[in-house]
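Presented below is the structure to which this report refers.
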Amino acid sequence: MSSSASVGPSSTSFFTSASVANVEFFSLPQDFIASYPDKIGAVTMADVKRVLKTYFCTDDLKILVVSNGELAKQALDGLGAMEMKEIE
């Protein structure tokens, strides 16, 4: 799932400290912080759809997506009825 937003470690000391603390607290692999952006980038829309249908009741699910309308429409196709509104 690609995005124009940067995903991954920030240069702020707070984020770095919190990330290192999480690695230690949750006994995550030592390369967790370095490999995180690649792992997030490997998630496909098909993965998201599969998880949504498996773990969430999608019969009355409401999702707010702020994005390019056509890109969002294509990516979310098959999840149910969709209402698009222009930002004024």
Task: Count of the range 35-58 residues which are modelled with pLDDT under 80 and either surrounded by fewer than 12 Cβ atoms within 10 Å (Cβ to Cβ) or touching a strand residue (DSSP E or B) at 6+ places or on another chain (Cβ under 7 Å) (or both) - done: 0
Task: Residues of the range 64-88 satisfying the condition of being over 16 Å from the mean Cα position of the chain (by Cα) and part of a helix (DSSP H, G or I) - done: GLY69, GLU70, LYS73, GLN74
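Of all residues being aromatic (Phe, Trp, Tyr), part of a helix (DSSP H, G or I) and out of contact with any helix residue (DSSP H, G or I) (no Cβ under 8 Å at 6 or more places or on another chain) in the range 31-56, which is nearest to ALA75 (Cα to Cα)? Just the residue, please.
Filtering the range 31-56 for residues aromatic (Phe, Trp, Tyr) gives 32, 36, 55-56.
With the extra rule that they be part of a helix (DSSP H, G or I), the set shrinks to 32, 36, 55.
Going one step further and asking which of them are out of contact with any helix residue (DSSP H, G or I) (no Cβ under 8 Å at 6 or more places or on another chain), we end up with 36, 55.
Values: TYR36: 23, TYR55: 19 Å.
For the range 31-56, the residue satisfying everything is TYR55.
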Open item on the list: Given the condition at positive phi and exposed (fewer than 11 other Cβ atoms within 10 Å of the Cβ), answer yes or no: does some residue in the range 71-87 qualify?
Closed with: yes
Open item on the list: Suppose the filter is modelled with pLDDT of 85 or more, part of a loop (DSSP other than H, G, I, E, B) and surrounded by 10 or more Cβ atoms within 10 Å (Cβ to Cβ); does LEU61 pass it?
Closed with: no
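The values are calculated or read from the model by the stated rules, or taken from the named source; none is laboratory data. Not measured: the values here are computed from a predicted model. Glycine gets a Cβ as well: all are built from the backbone with ideal geometry, and neighbour counts include every protein chain shown.
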